[in-house]
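Student: Sharing a structure with you now.
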Amino acid sequence: MAEKKQEKPTVEELLVKAKKPALIAPSMHRFYEGKVQVMPKCAIRSIDDFAVWYTPGVAAACKEIQADHEKAFELTNRWNYVAVVTDGTRVLGLGDIGPEAAMPVMEGKALLFKYLGGVDAFPICLKTKDPDEIVRACELLEPSFGGINLEDIEKPKCFHVLEKARERLQIPVWHDDQQGTATVILAGLINAFKIVGKKPQDCLITLVGSGAANIRTAYVLIKWGIKAGNIIMVDTKGIVHASRADITREEDPWKYELAQKTNSEGRTGDIAEAFKGVDAVVAASKPGPDTIKKAWIKTMADGAIVFACANPIPEIWPWDAEEAGARIVATGRSDFPNQVNNSLGFPAIFRGVLDVKARTVTDDMCIAAAQELAKFAEERGMDEHSILPRMDEWEVFPREAVACALKSIEQGVARVKLSREELYQRASMIIQNARQATALLMKQGLIKKAPPEDKLLK
């Protein structure tokens, strides 16, 4: 008997589903009064142990660090601390909502860090919009942390902050909206090109949207091996090209540089022109569903790849893209196949660089992470609707962490050198501990059971 074809959800059903988390979220946040907390990790057998963990015994540990500052990574939890730093100027799709309103997002980021990567992350929301003050704040925080995750900082300021902070700090500094997005997009493209049977170096790729995500994606793709001239970038005014007078070095040096390097054909015109004959389109732009038109996809090359990454509604519905001729479609949503999600990247990448106490995190480490993500999906089996690992496939995270740690050692920025096996065992143990601890706290009722959804929606 033929299997009954599953009916596609209606637009109304998808919109209801997309809006549901937002309806529940305020009540859930209020119920738990936040999402993360600080818990002891040392044994407290009796009150006498505080003589070791605090005064007078702690003074001996302080003196060791005073004599050698690097020992802070051995005698404290600094090796596993990450600051999630924002000024609240570009929070999700909400824009400039300020540091206080950004706090729930930064807490959420810290939660993902811990659960997926075993990383102890702290939300740091700064009351400044000055890029140099943000860099200075990171410098001031450096003695307490093993890494800095920049988050939700508006463009082009975010490029300046990342660049200067990486120059001045001796710990990894990462901007997830740039490097995290680029990592997962590259992983998806690696496997997508394999499935359609094309050599990436011979392909044309259009990046719709020229914000932080796609600008860094362009740089990472070029570093990986895509010819710069084979990349076509599009912003709100049309195709980016070297003759655009409105793109200046003074106003946006990163976008200006790409305008000179990319689009070797010299294409001009609107977004529709950027689709013609290209092999892949990566959109990180305005939520749809009609930001990208079916008619444009019909003009792409055979075996077209379309990543529509806007949230909560992708630039085009996946089935519309497929009907228009796209062979592989990815979105940013978990309820559609091929989710392109930064959470596949940052927890494991930081796990890796923290485990070797790295001094920086580079685009080469992003590429190593992307390649491991792609390899994991290929080994477990992939097809047009499964080109990336899922967040619930926890085994990918220690593998990705090892790839980044080994790249840190190879590039000479690791403070300690461990073998592949040692790194894998360490990362696996830390990540499993975080997940098991959460499960145990829930089982014991130390994390309260959430109310039923119907009560939250009232």
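Student: With the structure loaded, tell me whether residue 299 is in a loop (DSSP other than H, G, I, E, B), among the polar types (S, T, N, Q), at pLDDT 95 or above and touching a strand residue (DSSP E or B) at 6+ places or on another chain (Cβ under 8 Å) or whether it fails that test.
Tutor: Here the answer is no, as residue 299 does not meet what is asked.
Student: Determine which member of the set 190, 171, 215 is aliphatic (A, V, I, L, M), within 13 Å of residue 305 (Cβ to Cβ) and either in the same structural domain as residue 240 (by TED's automatic domain parsing) or not in a helix (DSSP H, G or I) (or both).
Tutor: Working: 171 fails: within 13 Å of residue 305 (Cβ to Cβ); 215 fails: within 13 Å of residue 305 (Cβ to Cβ).
That would be 190, the only listed residue that is aliphatic (A, V, I, L, M), within 13 Å of residue 305 (Cβ to Cβ) and either in the same structural domain as residue 240 (by TED's automatic domain parsing) or not in a helix (DSSP H, G or I) (or both).
Student: Which ones in the range 240-267 are surrounded by 21 or more Cβ atoms within 10 Å (Cβ to Cβ) and under 16 Å from residue 280 (Cβ atoms)?
Tutor: Across the range 240-267, the qualifying residues are 262, 263.
Student: Scan the range 403-421 for residues that are outside any loop (DSSP other than H, G, I, E, B) and either closer than 28 Å to residue 38 by Cβ or at pLDDT below 95 (or both) and report the count.
Tutor: Here the count works out to 3.
Student: Right, here's the next one. Name the residue, out of 333, 327, that is in a loop (DSSP other than H, G, I, E, B), basic (Lys, Arg) and within 29 Å of residue 10 (Cβ to Cβ).
Tutor: 333
Student: Considering only residues that are within 30 Å of residue 286 (Cβ to Cβ) and among the small types (Gly, Ala, Ser), which ones fall in the range 66-101?
Tutor: 88, 93, 95, 98, 101
Student: Of the residues 391, 382, 429, which is among the hydrophobic types (A, V, I, L, M, F, W, C) and either surrounded by 24 or more Cβ atoms within 10 Å (Cβ to Cβ) or more than 25 Å from residue 82 (Cβ to Cβ) (or both)?
Tutor: On the way: 391 fails: either surrounded by 24 or more Cβ atoms within 10 Å (Cβ to Cβ) or more than 25 Å from residue 82 (Cβ to Cβ) (or both); 429 fails: either surrounded by 24 or more Cβ atoms within 10 Å (Cβ to Cβ) or more than 25 Å from residue 82 (Cβ to Cβ) (or both).
None of the others qualify; the one that does is 382.
Student: Would you point out which residue out of 98, 108 is outside the structural domain of residue 352 (by TED's automatic domain parsing) and either out of contact with any Cys (no Cβ under 9 Å at 6 or more places or on another chain) or under 20 Å from residue 141 (Cα atoms) (or both)?
Tutor: When all the criteria are applied, what remains is 108.
Student: Being in contact (Cβ under 8 Å) with a residue 12 or more places away in the chain, surrounded by 15 or more Cβ atoms within 10 Å (Cβ to Cβ), among the β-branched types (Val, Ile, Thr) and farther than 27 Å from residue 111 by Cβ, is that true of even one residue in the range 395-414?
Tutor: Checked against the condition, which is being in contact (Cβ under 8 Å) with a residue 12 or more places away in the chain, surrounded by 15 or more Cβ atoms within 10 Å (Cβ to Cβ), among the β-branched types (Val, Ile, Thr) and farther than 27 Å from residue 111 by Cβ, the range 395-414 yields at least one hit.
The values are calculated or read from the model by the stated rules, or taken from the named source; none is laboratory data. Please read all numbers here as calculations on a predicted model, not as lab measurements. As a convention, Cβ positions derive from the backbone with ideal geometry for all residues, glycine included, and neighbour counts pool all protein chains shown.
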